[in-house]
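Bear in mind that the values in this text are calculations on the coordinates, not laboratory data. All figures in this text were calculated on a predicted structure; none of them were measured in a lab.
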Amino acid sequence: MKPLRMALEAAGWSRYSPLQFLIFVVTASILLASWIQLSFEVVGLTIFSCLATFGLSIEALRFRSKQRSDQLARLWPEVLDSLHSAASSGFGIVDSLEQVARSGPSRIQPVFQELVDRVDSGAGLDKSLDWFKSQFGQLQADRLVELIRIVHRSGGVGYLDSLREQALRTRSEMALWGELESKQGWVTGTAKLAIVAPWIIVATLAARSENVAIYNTVEGTGVLVAGLLVSLIAYRLVGLMGTLSKPSRVLTN
């Protein structure tokens, strides 16, 4: 469940548990499959629609997680620069975070303000930082949280240099992965579309009663099941071979 929880956090849906998400997806898959069965009366197409709905839901979660993570990553160098500027001016850690809440990128100001409010209300820095991590669900946020923890315990030694280094590292990673993903993204997208395309044709042909009768024979069902297995294997291979191995979150709870 941990990978799913991390994906929900990255998508900005940390308020939902992995179990709640799975219940929703399974329910939606069954409802759509039931409608397909009532409409076309083709067992193979019904099974595919159920599995496809489940797979597309997971794919949508991954897309949302990646999109939000990339958008936040583009803001992160500015956040680190703001923290560096505040620390250089003599502000403490919490005061520096409050400066970001006031003058940082507007999209993340509410999260930083809530972090400061939690610390001020007596929730404790460590506990508040754990909450902060879950709100972003992002590698750069994890790095900043652990840096703040180390600096808080060491009395601020090396804080400015570490912030500067993190900002440079983030900019470098963004430039590298942006170039790689621009070349790789259209390849995997086209491959996944090619997997779905034959089933769109099957659904179109199922509009005619004579084709439905053929699909529901033993031979027709066998062909559809074989096609389903090939589609699942192809989808898995596309996921394994077409996904870039980006740095993953390891500094999680």
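Per-structure values
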| item | result |
| --- | --- |
| Partners for Lys192 among aspartates and glutamates (Cα-Cα distance below 12 Å; same-chain residues under 8 apart left out) | Glu59 |
| Reported label for calculated Kirkwood radius over Cα pairs in Å given (i) 17.7; (ii) 21.2; (iii) 23.3 | (ii) |
| Using alpha-carbon coordinates, inclination of helix 125-136 to the longest axis of the chain, degrees | 40 |
| Global form of region 54-133, assessed from the alpha-carbon gyration tensor, a/c cut-off 1.5 | oblate |
